[in-house]
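Participant: Have a look at this one.
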Amino acid sequence: MASSSSASTNSNSTSSANKYPYPGELDVSKFVTDNLSATANNYDQWKQQMLDLIKKKSLSDFIDRTNKAPSKTVTVLGKEVENQDYISWKRSDDLLQKWIRTKLTEELYEDVKHYKNARGLWTRLEILFSSKLPKPNRASSSSSSINSSNVLDFDKKTLSVSEKNYSEWRKQMYEFIKSQGFVGHIDGTDKIARVRSPSWPRRDIQARELIRTKLDEDIIKEMDDIIATTSQTPTRAAKAIMSNRTAKAMWIALDKIFGHYVGLYKATIKGDWERAEEYIKQEPDNIAMRAAIRDNSETVLIVAVKSKHRNNFVKKLVNRMSPEDLAHGDRDERTALHRAAAVGNLEAAKLLVEKNRYLPNVETVQKRIPLYFAATHRKKEMVTYLLSVTEDEAKSNHSSPRYQKPSYQKPDGWNPKPFEGESGFRILHQLILSEFYGK
């Protein structure tokens, strides 16, 4: 019997070895010459070389769906035990993943690091590089492709922590990224494209690679640490819809390292418009008005509306901003109207809504509109006002002049029916808790 059992075990091991080959460790660089990069346009060559290696080592089944993972356990004599086939499959799949990951740039590696098997990893790369990229709107570049040499030509010296010229480096990098058509990825103006465009992830990786090429290792480490510790979103919903590692997150982290917006923040807190305007004018395209000037990605406007004493400052700032700019939120997508609602700053709220009537319907990542915040903080006047300006598509009279479509876009996160479903229940619940019923 022992001999029979041993023979059976050996037979199973041989079968697993044949079905799930394990070529062992090797130097992938001998087969795949360059790392796959979103900026180098080398996907076709990289893919062919990697496929040749995978086929040569008989691992093609792991990326073409024909060799799916066996169950982790099997039942033997009524007991759940480890499945030797799964162990063999996982060993081979992990090896193949390692081969692929070693030939990716840092930014691509970060984008795909959550994939747990070779098939998912391979498919993600196919999706990233098969989507047709829209032609960038280049302001000053005649080149039709982006590569590392473009960046090196832009500035021969990489930025280090000890540098005193961050502001100048930042201006040059901003203009270079803008010339390559990626500026929306660092100033937040591509928020809607992020949700709707299949090419957005690849373009964002390109923007990140452009920035990373111009940083020394100490800066990269500090920047990565900041992104890892300060951009964690508190809810599952938030984690599902946004990646913390984006070009904008990198840009914000660099600003924090060098204290770029400390002066603007101080001017805002003091309500010193003249000083704040100086900072705003120093940067192109009004990017300072959309920038994150606090750790939780609060903008100048969000900071300003928290106090009624700064409303003169708020008025001048709003006059300079576009309707779309007013919809920029913090890390949790709380806009200036959410913050004004929470503190009961009615004058500021009216200024915001007069310029962008969509704001009352914009939700945070936790699916809360400004009215919810007003009710939670027992701001009765604000509740009354927001009830009058929050749209309900199901009950709106669309023939009314008020409901004519504005010239500006609806913000990302706009809820046409905020009084229905979970959102409506939450608002009603808070109104009852605040005793705002029947009055």
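No value in this document is a laboratory result; all are computed from the given coordinates. Note that the coordinates shown come from a computational prediction; the quantities given were computed from them, not determined experimentally. Every residue, glycine as well, gets a Cβ built from its backbone with ideal geometry; the counts of neighbours run over all protein chains shown.
Participant: Taking the mean number of other Cβ atoms within 10 Å as a proxy for protection, how do you rank 417-428, 261-272, 350-361, 74-85 from highest to lowest?
Facilitator: Result, highest mean Cβ count within 10 Å first: 350-361, 261-272, 417-428, 74-85.
Participant: May I pose another question? Considering the zone a paramagnetic label at D392 would reach in this model (a point 7 Å from Cα along the Cα-to-Cβ line), which residues of region 352-366 have amide N under 15 Å from it?
Facilitator: 361
Participant: So how far apart, in nm, are the two label points at D285 and T123 if each is 7 Å from Cα heading toward Cβ?
Facilitator: 3.5
Participant: Fully extended, how many nm does the chain gain between E80 and D52 (0.36 nm per residue separation, minus their Cα-Cα distance)?
Facilitator: 6.2 nm
Participant: Using mean Cβ contacts within 10 Å as the protection proxy, how do 30-41, 367-378, 322-333 order, highest first?
Facilitator: Ranked from most to least packed, the peptides come out as 367-378, 322-333, 30-41.
Participant: So what are region 242-287's ellipsoid semi-axes, whole angstrom, largest first, if each one is the square root of 5 times an eigenvalue of the alpha-carbon gyration tensor?
Facilitator: Sorted largest first and rounded, they come to 24, 12, 9 Å.
Participant: Now for a different question. Determine the equivalent ellipsoid of region 318-358 by diagonalising the alpha-carbon gyration tensor, then write out the semi-axes as square roots of 5 times the eigenvalues, largest first, rounded to whole Å.
Facilitator: Gyration-tensor ellipsoid for region 318-358: 15, 14, 7 Å.
Participant: Label H309 and S199 with points 7 Å out from Cα along Cα→Cβ: what is the distance between them in nm?
Facilitator: 5.0
Participant: What number do you get for region 28-129 when its Cα radius of gyration is normalised by 2.2 N^0.38 Å, N = residues?
Facilitator: Taking the Cα Rg and dividing by 2.2 N^0.38 Å, one obtains 1.22.
Participant: Another question about this same structure. Past the 20 Å Cα-Cα mark, which pairs from K308/K350; K113/K367; K171/K315; K171/K410; K248/K417?
Facilitator: K113/K367; K171/K315; K171/K410; K248/K417, as the Cα separations exceed 20 Å there.
Participant: Per 0.36 nm of contour for each residue apart, how much would the distance between L26 and Q172 grow if the chain were fully extended, relative to their Cα-Cα spacing? Working shown, then result.
Facilitator: Values: separation 146, 0.36 × 146 = 52.56 nm, distance 4.17 nm.
Here the answer is 48.4 nm.
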